[in-house]
Amino acid sequence: MTRIIMFLLKCLLGLFATVGFLLIAGIVVTAVFLPRFEGLEPAAGEVPKETVLLLDLSRGLIEQRPVNPLARVSLGHALVLREAVEALEAAGRDDRVKALVIRAGWGAPGLAQIQELRDAVVDFRAQGKPVTAFAETFGEAGNGTLHYFLASAAGEIWVQPSGDLGITGFALQQPFLKPLLEEIGVRAQVAQREEYKGAMNFLTEDYMPEPQRRNLQRYLNSALEQIVTAVAEARNLEAGALRALIDRAPYRGAEAQRLGLVDRLGYWDEVEALVLEAAGPGAEWLSLQAYRRAAPESGSDAPVVALVHGEGPIVLAGGENDPIFGKVTLGAVDIAEALSDAIDDPEVTAILFRVDSPGGSYVASDTIWREVQRARDLGKPVVVSMGNVAASGGYFVAAPAAVIVAQPGTLTGSIGVVSGKVSLRELWANLGVNWDGVQAGRRAAMFSPNAPFSREEWDWLQQTLDTTYADFTGKVAAGRGLTQEAVLAVAKGQIWSGADAKEAGLVDALGGYRKALSLAKEAAGIAEETAVRLRPFPEPRDPFAALLEDALGGGVESPAALSMIRSFARLAQALSPLVEAAELLDGDPRSHNLQAPAALLAD
């Protein structure tokens, strides 16, 4: 049996190694031949004289185009939010663009992203240009409520006759594992500041604690109220009646049409034909991405605003965009360096810092906070634009900014701290496993999962949480110009919608990229009508060329390439102990007589 297991594991490892080699080889080949295809992208003069733009969510909606070559290939033609907003703004003024069609219903964008995209669609339509929205169905391939919210900005909404209108609202659910953990002998030891900081409650509670329940309910109520208000206005419905319709959803297509929630039932080919006919003879389709590429860039003498983008959990390392596991992290090392370079660049007049993060490491967040504070001390304004989530550490890094901008639906706040560990001692005992070893330093194994905290260690943890919470709230008070009492009232781990956060003094303005850029120009003393160059920091490298250069140079230094290679390495590393264990069971014990035991180090 062990021979079979060992054979299968080795085959699996070999498969990952082979796939990894083929992917890397493919990227190198692509890098060699990619320059030959550069001419296929539209140039500035290639927008048809009569253009119908297509905003297609079926390929996904992302915050930024990744540098990682595998991630970039896998995302295909996904819409980049900032680029889509810029393209819609330019298209509204472009006489060649006759109409816009939204293809919705696909994917899982966030509320704040959809609000920003919808605002841009509303402004496009305000230029007197028709907008049509189509979905095969609202709800089967994505969040029906959010996709319908976007579609409601159009003058006409189509749904396929077989489709549904799943505008059922929002639900947040999570498992609570305490009974299971206790049953198998796992004990969670977690402390938090304060009662609303529920990030680890699923380990320590049987059910959602009441403070957390009230807090989450308030956020969902705010989010749904924002959607109801906007949709009711767009569809000429009474808000209370629309709210009642949501409670009775979903609806079949014909019923949705009867209720005035959609305008027409039909298929995509019918939408295509009618829109092109209305746009005029010779009208042609053009994707929003292609239109954006065809737009001319700002002049080289335009003032520079730096764009620093932080996405994902905050870690004390370099950032990662992992195409194998889908993991995206906000690396404090990368972001702090990018901010530092922007601060020190004499051409940069202001910094636009886009944050889309649920938080993470306190030390990593503090590292980024320092650069934002340094910019403030040196008089270089930082304007934070919050994405779907900018909470806990994601709010910490924003606190010293000159201006904080959030969408009404952004999840923010969560000013609090939580820490702890799980102890597996009883589990190991139940399984008949004895852990033993040596250590130098009384607290060297303090965070080991093989034993609970001692009383002395638990007291240390409590003191650390008090210190961290005081530092967090103190920096928010200083950055926001609030009293400590005012901050403590809105802290305690409470989350807020962007709209509520503005009322609480945690956010300065509501909006997205365009609002943040306008405020950055104002803070830098640049006239509103003046065009600026939005320069990314760090300066992006072509992912394929970077990988090829690094590989041929004898060392891979590109974070994107390293991320990809480490993905395969982690897979092999995770499986290798199983292979070694199978070999140990299957082989002659004497073959291991001079083999040293594996080193076990406790951080």
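Rule-based calculations on the coordinates, nothing more; no lab input. All values reported here derive from a predicted model rather than from experimental measurement. Virtual Cβ from ideal backbone geometry, glycine too; neighbours counted across all protein chains shown.
Worth a mention:
- Eligible lysines near Lys49 by straight Cα distance, threshold 28 Å, same-chain separation 8 or greater: Lys98, Lys129
- Sites Gln484 and Glu347, calculated FRET efficiency, Cβ-Cβ separation with R0 45 Å, nearest 0.05: 0.70
- Burial order of peptide ranges 439-449, 255-265 (average beta-carbon count within 10 Å, highest first): 255-265, 439-449
- Averaged over residues, the count of other Cβ atoms within 10 Å places the peptides 47-55, 179-187, 338-346 in the sequence 47-55, 338-346, 179-187, highest first.
- Extension gain for the segment Ala527 to Arg96, taken as residue separation times 0.36 nm less the Cα-Cα distance, is 152.4 nm to one decimal.
- Label separation (Ala470 vs Ala244): 5.6 nm, computed from points 7 Å beyond Cα along the C-beta direction.
- Partner aspartates and glutamates for Lys178 [C-alpha distance under 17 Å; skip if fewer than 8 residues away on the same chain]: Glu205, Asp206, Glu210, Glu426
- Linear extension gain, Ser58 paired with Glu539, 0.36 nm per residue minus alpha-carbon span: 170.2 nm
- In the stretch 364-449 the Cα-Cα distances spread across 10 Å bins starting at 0 as 15, 29, 18, 16, 16, 6, 0 percent of all pairs.
- By other beta-carbon atoms within 10 Å, ranking Glu485, Glu522, Glu311 with the fewest at the front produces Glu485, Glu522, Glu311.
- At R0 = 25 Å, FRET efficiency that the Cβ-Cβ distance of Val438 and Asp459 yields, to 0.05: 0.50
- Neighbour counting of Cβ atoms within 10 Å sorts the residues Ser365, Ser222, fewest neighbours leading, into Ser222, Ser365.
- Projected label distance in nm at Phe202 and Glu272, using a 7 Å step from Cα toward the beta-carbon: 4.2 nm
- Averaged over residues, the count of other Cβ atoms within 10 Å places the peptides 455-461, 95-101 in the sequence 95-101, 455-461, highest first.
- With the cut-off at under 13 Å, measuring from each backbone N in the stretch 150-192 to a point 7 Å along the Cα-to-Cβ line of Glu426 picks out 178-189.
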